[in-house]
Amino acid sequence: MTVSAIYDDRMLDPVQLRSFAAVARARSFTRAAATLGVGQSTVSQHVRRLEATVGRPLLDRDTHSVSLTVDGEAMLEFAATILDAGDRAMAHFRASRVHGRVRFGVSEDLVLTRLPAVLADFRRRHPEVDLELTVGLAGGLEHRLDAGELDLMFAKRLPGPDDGRLVVRRDRFVWVGAPGLPLGPGDPVPVVAYPPPSLSRTAAVGALEAVGRPWRMACTSGSLSGLRAAALAGLGVLAHAATLVPDGLEVVGDRAGLPELGPVELVLAHGRRRSDPAEALVRSIRTADLRPESWTPPNGG
């Protein structure tokens with residue numbers, strides 16, 4: 001048997017897998033082609049050849065939508081594993097040659113994690129990469145990413161349809177405040193929050209209004225240090241990711257009768273073009289434990 005026959009019969013083409021995965025995430029051949037930077041006909045051809053290789057339909061197509069078959073769901077998991085292994089193998093052999101620039105945007109609260117240590121290690125491993133760090137609110141970072149001013153963004157988002165972003169961690173919002181904050185279950189809730197648009201502000205206000213709990217905006221600040229100072233002073237409570245609770249604050253338990261805030265995800269998002277330096281930084285973040293040094297599992301909230 002020839003090498004080409006072995007390849008045709010027994011191996012999955014990573015190019016075809018990447019096209020299939022892009023279609024599966026976007027639920028659209030047009031959007032997948034735009035993401036990959038190729039023509040729609042090329043993506044369609046890759047998917048057809050992959051289906052022919054495995055002998056199973058992987059996608060259900062109609063004039064309005066694309067969905068995964070049962071075999072397609074299984075193939076998506078296999079594709080993720082195969083493509084990740086290939087990317088890691090290439091990264092291993094190309095690591096010493098990575099050079100260039102990464103314009104990296106990070107939500108302010110994520111800087112409270114072990115991320116600075118991860119970035120320091122990245123700099124040691126890749127001394128030829130210039131790392132430009134921008135710290136800000138998720139909404140502003142999203143705008144800069146869309147405008148092509150960032151190569152990579154690490155921020156929070158609410159769970160939703162798969163848009164191709166890499167979920168680094170699934171977390172949940174909790175209410176946090178100063179230790180011993182006098183807030184009873186019937187009291188109006190003093191809220192400390194970022195200015196809109198803000199995920200945590202939206203989560204806090206939405207949860208309170210959903211249960212009809214009276215509230216007032218006690219403090220608005222564009223910086224986490226300002227929010228922390230206000231909360232430490234006892235001005236109010238804020239919604240925050242459970243694993244990123246600022247030092248000195250604690251989860252406000254059931255005694256305050258506050259509503260559940262719901263889940264949140266920490267995600268990495270690429271800009272308009274993927275680059276080797278950005279991919280190397282993604283790998284460093286994915287494999288790191290990003291919880292704060294002082295983190296302990298919350299007991300309530």
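May I ask you to derive the relative contact order of the chain, considering only C-alpha pairs under 8 Å and at least 6 residues apart, and to give it as an integer percent? Contact order relative to length: 20 percent. Compared with the dominant Cα axis of the chain, that is its longest principal axis, helix 115-125 is turned about 40°. Do the sum for the chain: with -39,500 (n - 2.57) for every DSSP H run of n ≥ 4, divided by all residues, what is the mean residue ellipticity at 222 nm, to the nearest 500 deg cm²/dmol? Result for the chain: -12500 deg cm²/dmol, rounded to the nearest 500. Note the full-extension length gain between residue 135 and residue 255 as 0.36 nm times their separation in residues minus their Cα-Cα distance, in nm to one decimal. Between residue 135 and residue 255, full extension yields 39.7 nm more. Debye calculation, C-alpha points only, no solvent: report log10 I(q)/I(0) for the chain at q = 0.10, 0.11, 0.12, 0.15 Å⁻¹, in the same order as the q values. Ignoring solvent entirely, the Cα scatterers give -0.68, -0.79, -0.90, -1.16.
The phi-based Karplus calculation (6.51 cos²θ - 1.76 cosθ + 1.60; θ = phi - 60°) puts the 3J(HN,Hα) values of segment 206-221 at x, 5, 5, 5, 5, 9, x, 7, x, 8, 9, 7, 7, 7, 10, 9 Hz, whole numbers, x for Gly and Pro.
Sort 70, 168, 191 so the one with the fewest other Cβ atoms within 10 Å of its own Cβ comes first.
Fewest-to-most ranking of 70, 168, 191: 70, 168, 191.
For segment 3-93, relative contact order (Cα pairs under 8 Å, six or more residues apart, normalised by length) works out to 28 percent. In plain terms, the chain from residue 120 to residue 87 could stretch by 9.6 nm, reckoned as 0.36 nm per residue minus the Cα-Cα distance.
Every number in this text was worked out from the coordinates using simple rules, so none of it is lab data. Model, not experiment: these values are computed from the prediction. Methodologically, a virtual Cβ is constructed for each residue, glycine included, from the backbone with ideal geometry; neighbour enumeration extends over all protein chains shown.
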